[in-house]
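What follows is a set of notes on a single structure, which appears directly below.
The values are calculated or read from the model by the stated rules, or taken from the named source; none is laboratory data. Here the structure is a predicted model, which is why all the values come from computation and not from measurement. Please note: Cβ atoms are built from the backbone with ideal geometry, for glycine as well, and neighbour counts cover all protein chains shown.
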Amino acid sequence: MNMHFKKIILSSTIVGLSVVPVFAAIGYTPQRAPLIKPTADFEMHIVRPDVHLIQDQIGGEYGGELGEGDDEFERGDSESDDRFRELAANANAKSAAAQPVILLVEEGENFCRLLDAALRIDCLAESYERTAETLANTGDEATVKKSLNDAASKLRSIVRENRDTTANRVTAEVKSRQVNRKASRPLTPVKKESIPQANREARAVVDELSTVLLRSAENSDKRAAYYTQIASAVDSNKVLLRS
């Protein structure tokens, strides 16, 4: 078989109930894309508006539709436990030190939710790894850094156990008014039939991570806001893992 690499940038537009409400909120009205007839060297895939999927290929390709199952997101912004929201809201002061971490966690969530459900677990792992890289190896940042890396390792283990061996890894890039981000490494898709169980396992990892951070807040009233607010942001990531 003649094995060769090629890169494809895929972009199209979906007009449907699962997309319009999302982009209407930011003042963007999707338009119907013109039909393109596939050729021998190009295979069209329908992806989200302004989402570019770049794939390094060796024969075959991973061709799932991005944003599959996103109607679930319209039913609520998060499944975070009330305890995290309440503790974060009741913290004595908003932690300035926590804000950079929270922003990175939220950016990762916004990025991952635009990808196919099969990619979201590894995307979340990549987000935690990227956030951890920005933190110091001492003090409270070291505690958060270790917790994020531990969670990322567990998420990647879930992905390895449920990997779609028939699909290639995917380097995803999103460019829109709301999100402009590219994965720092190729993402590994989970088998579609394994997504529900893999998501349940991944949700348990996120639960554990937020609980570990919350427990760290118990050690010092002074640092409570720092850990509690990060824990709340992390806990909201569970919205990505609905089956």
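If you check T188 against the conditions, is it in contact with a strand residue (DSSP E or B) (Cβ under 7 Å, 6 or more places away or on another chain) and among the hydroxyl-bearing types (S, T, Y)? Yes: the conditions hold for T188. Residues in the stretch 122-152 that are more than 19 Å from S194 (Cβ to Cβ), small (G, A, S) and within 17 Å of the chain's Cα centre (by Cα): S127, A132, A151, A152.
Among all positions in the stretch 75-93, there is no residue which is part of a helix (DSSP H, G or I), of a type in the set (G, A, S), modelled with pLDDT of 55 or more and under 22 Å from A204 (Cβ atoms). If you go through the stretch 153-183 and keep only what is crowded, with 16+ Cβ neighbours inside 10 Å and within 14 Å of E201 (Cβ to Cβ), you end up with K154, L155, R156, I158, V159, N162, R163.
For every residue, the table says whether it meets (1) in contact with a strand residue (DSSP E or B) (Cβ under 7 Å, 6 or more places away or on another chain); (2) not basic (K, R).
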position: N162; (1), (2): yes, yes
position: R169; (1), (2): yes, no
position: A172; (1), (2): yes, yes
position: K175; (1), (2): yes, no
position: Q178; (1), (2): no, yes
position: E193; (1), (2): no, yes
position: A198; (1), (2): yes, yes
position: L213; (1), (2): no, yes
position: S220; (1), (2): no, yes
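Here A217, A204, A224 are screened, and the one residue that is within 19 Å of A152 (Cα to Cα) and not aromatic (F, W, Y) is A204.
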